[in-house]
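Some notes on the structure that comes next.
The values are calculated or read from the model by the stated rules, or taken from the named source; none is laboratory data. These figures come from a predicted structure and were not determined experimentally. FYI the Cβ positions are ideal-geometry reconstructions off the backbone, even for glycines, and counts take in every protein chain you see. What goes into the accessible areas is simple: the full protein's heavy atoms, side chains included, and nothing from ligands, DNA or RNA. Shrake-Rupley method; radii C 1.70, N 1.55, O 1.52, S 1.80 Å.
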Amino acid sequence: MPDDRTPRAREKHGFATRAVHAGAAPDPTTGARATPIHQTTAYVFEDADHAASLFNLQTFGYIYSRLTNPTVAVLEERLANLEGGRGAVCASSGHAAQLLAFFSLLEPGDRFVASRNLYGGSITQFMHAFRKFGWGVDFADPSDPANFEAAIGPKTKAIFCEVLANPGGVIVDLEPVAAIAAKHKIPLIVDNTLATPFLCRPFDWGADIVVHSTTKFLSGHGNAMGGAVIESGRFDWFASGKFPSMTEPDPAYHGLKFAETFGDFGFSMKTRAVGLRDLGPTMAPLNAFLTITGIETLHLRMAAHVANAQAVAEFLAAHPKVAWVSYAGLKSSPYHALAKKYLPKGPGAVFTFGVKGGYEAGVKLVETVELFSHLANVGDTRSLIIHPASTTHRQLTEEQRARAGAGPEVIRLSVGIESADDLIRDLGAALDAA
Ligand SMILES: *Cc1c(COP(=O)(O)O)cnc(C)c1O
């Protein structure tokens with residue numbers, strides 16, 4: 001719980017130290033050094049007054065694991081710390097985190113502007129599922145920040161983008177986009193899944209809220225679903241005046257105003273006390289434990305992922321059966337300069353390339369590789385491959401697919417941490433066969 005959170009103060013420690021330690025301490029009763037998996041649904045109250053103050057949100061503590069759990073709380077504090085944020089709320093998946101973030105912000109009839117270069121599932125969630133909440137989305141081409149501003153209307157309540165976009169190797173110029181959001185007094189929400197706080201910290205560039213699918217590089221081993229919503233603590237809800245759910249009395253909590261009572265972690269409290277309470281997409285304690293363990297090697301893994309991705313991208317760029325490679329680590333990429341600015345340690349390990357021969361050649365390639373696993377995920381220690389047009393992006397129209405960087409010839413890789421030479425040999429053999 002965020003009563004004693006001072007992430008800024010603890011940032012005197014280096015990233016690797018914080019990845020290993022932030023939010024965790026030896027268990028006070030047993031001395032257990034690893035964070036225990038608190039596999040419990042509920043927590044005993046000290047007495048009736050304690051119970052009442054917990055329910056009134058007057059005391060921080062544990063009531064019921066839909067809202068709070070000690071294992072999940074360690075992960076929440078670690079993520080807030082690594083992102084340089086004020087508070088975090090974990091969720092059962094990245095999509096649940098996105099739902100929770102918007103649930104705390106939007107009223108029926110509200111809209112938000114989103115980059116059109118997003119994870120395919122996010123485009124579907126925003127266009128179809130969110131409509132049932134009465135929320136509308138307007139997509140903008142992120143290659144020019146001005147496009148975000150042009151899409152803003154009177155009902156627009158947020159801007160959403162992936163700083164490093166899935167799948168296409170596109171990087172959004174965060175600083176001017178954050179300035180546009182600030183000018184319109186609406187929060188900039190950044191999905192930082194593919195970069196992770198090791199490669200990029202959106203709060204340093206003016207973002208107000210960061211969301212994650214912790215399923216990917218944060219947990220890192222392809223074994224735990226999860227998501228997180230993290231707030232910078234800097235957005236001024238009262239000055240904006242556009243967010244009644246933050247600034248108006250909440251009838252379910254005796255008229256408390258979240259932004260007033262909880263100040264710079266009011267958004268996290270709202271997201272937990274109302275979003276998690278009423279929608280219920282809670283992260284499981286076991287998944288929190290696996291993700292905490294994964295994050296302890298985040299800095300080592302991301303450095304290896306990025307080095308391998310660069311080597312594989314350079315190999316593909318020189319291969320005669322490859323039409324193009326969209327990796328911002330290549331000098332030929334139109335996003336190379338933005339990568340140097342926002343992701344100086346490397347532009348991640350997920351990127352696309354075009355195979356000559358279109359749809360058929362793409363399908364053949366994913367069926368021929370041996371070391372790369374053909375599946376719909378990214379951010380695993382293992383190298384992964386997929387043909388988006390026939391899988392993740394098949395629900396979209398042909399035009400949407402093209403716009404999202406998922407045309408018929410496109411192959412997406414998530415480069416793992418195996419030996420780079422082996423990955424290159426595997427892809428080379430499959431390209432020769434395709
Ligand atoms: C996977 C992913 C999501 C969705 O996360 P889930 O954990 O699968 O729900 C959202 N954004 C990005 C960039 C992703 O890669």
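Looking at Ser419, Ser383, just one residue is in contact with a Gly (Cβ under 6 Å, 6 or more places away or on another chain) and among the polar types (S, T, N, Q), and that residue is Ser383. Would you pick out the residues in the range 387-400 that are surrounded by fewer than 24 Cβ atoms within 10 Å (Cβ to Cβ) and at pLDDT 85 or above? Scanning the range 387-400 gives Ala389, Ser390, Thr391, Thr397, Glu398, Glu399.
Conditions (1) part of a helix (DSSP H, G or I); (2) modelled with pLDDT under 95; (3) under 30 Å from Glu248 (Cα atoms), marked per residue:
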residue: Pro108; (1), (2), (3): no, no, yes
residue: Phe126; (1), (2), (3): yes, no, yes
residue: Phe130; (1), (2), (3): yes, no, yes
residue: Asn147; (1), (2), (3): yes, no, no
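Screening the range 341-434 for helices (runs of 4 or more DSSP H) wholly inside it with 2 or more residues that are within 13 Å of Leu316 (Cβ to Cβ) and of a type outside the set (Val, Ile, Thr) returns the ranges 420-433.
The set of residues from the range 190-216 being assigned to a loop (DSSP other than H, G, I, E, B), more than 13 Å from Leu164 (Cα to Cα) and either within 13 Å of the ligand (Cβ to nearest atom) or aromatic (Phe, Trp, Tyr) (or both) comprises Thr214, Thr215, Lys216.
Could you list, in sequence order, all residues of the range 294-340 that are basic (Lys, Arg) and outside any helix (DSSP H, G or I)?
Across the range 294-340, the qualifying residues are Lys321, Lys331.
For the range 265-288, the count of residues that are among the small types (Gly, Ala, Ser), within 16 Å of the ligand (Cβ to nearest atom), over 30 Å from Arg111 (Cβ atoms) and surrounded by 17 or more Cβ atoms within 10 Å (Cβ to Cβ) is at least one. Under the condition of being surrounded by fewer than 24 Cβ atoms within 10 Å (Cβ to Cβ) and over 18 Å from His184 (Cα atoms), the residues counted in the range 110-122 number 4. Under the condition of being more than 13 Å from the ligand (Cβ to nearest atom) and open to solvent by 10 Å² or more (accessible area, probe 1.4 Å), the residues counted in the range 165-177 number 3. If you go through the range 232-244 and keep only what is open to solvent by less than 20 Å² (accessible area, probe 1.4 Å) and in contact (Cβ under 8 Å) with a residue 40 or more places away in the chain, you end up with Ser232, Ser240, Phe243.
Per-residue answers, yes or no, for (1) touching a Phe, Trp or Tyr at 6+ places or on another chain (Cβ under 9 Å); (2) within 16 Å of the ligand (Cβ to nearest atom); (3) of a type in the set (Asp, Glu); (4) open to solvent by 50 Å² or more (accessible area, probe 1.4 Å):
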position	(1), (2), (3), (4)
Gly14	no, no, no, no
Arg18	no, no, no, no
Thr29	no, no, no, yes
Pro36	yes, no, no, no
Ser53	no, no, no, no
Tyr62	yes, no, no, yes
Pro70	yes, no, no, no
Ala91	no, yes, no, no
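Restricting attention to the range 304-327, the residues that are without any contact (Cβ under 8 Å) to a residue 60 or more places away in the chain and either on the phi > 0 side of the Ramachandran plot or over 28 Å from the mean Cα position of the chain (by Cα) (or both) add up to 3. If you go through the range 16-43 and pick out every residue that is of a type outside the set (A, V, I, L, M, F, W, C) and assigned to a helix (DSSP H, G or I), you end up with 3.
Could you give every pair whose Cβ atoms fall below 9 Å, whose first residue belongs to the range 362-373 and is farther than 19 Å from Val325 by Cβ, and whose second residue is among the β-branched types (Val, Ile, Thr) and open to solvent by less than 40 Å² (accessible area, probe 1.4 Å), counting only separations of at least 6 or pairs across chains? Short answer, once both residue conditions are applied: Ser373/Ile385. Within the span defined as the range 182-199, one or more residues are open to solvent by less than 20 Å² (accessible area, probe 1.4 Å) and of a type in the set (Ser, Thr, Tyr). In the set (1) more than 13 Å from the ligand (Cβ to nearest atom); (2) free of Cβ contacts under 8 Å to residues at least 40 places away in the same chain, the condition left unmet by Thr156 is number (2). Does Lys321 qualify as being out of contact with any Ser or Thr (no Cβ under 7 Å at 6 or more places or on another chain) and either open to solvent by 80 Å² or more (accessible area, probe 1.4 Å) or within 16 Å of the ligand (Cβ to nearest atom) (or both)? Spelling it out, it is not the case that Lys321 is out of contact with any Ser or Thr (no Cβ under 7 Å at 6 or more places or on another chain) and either open to solvent by 80 Å² or more (accessible area, probe 1.4 Å) or within 16 Å of the ligand (Cβ to nearest atom) (or both). Only one of the numbered conditions (1) assigned to a strand (DSSP E or B); (2) open to solvent by 20 Å² or more (accessible area, probe 1.4 Å); (3) under 30 Å from Arg78 (Cβ atoms) is violated by Asp138, and that is (3).
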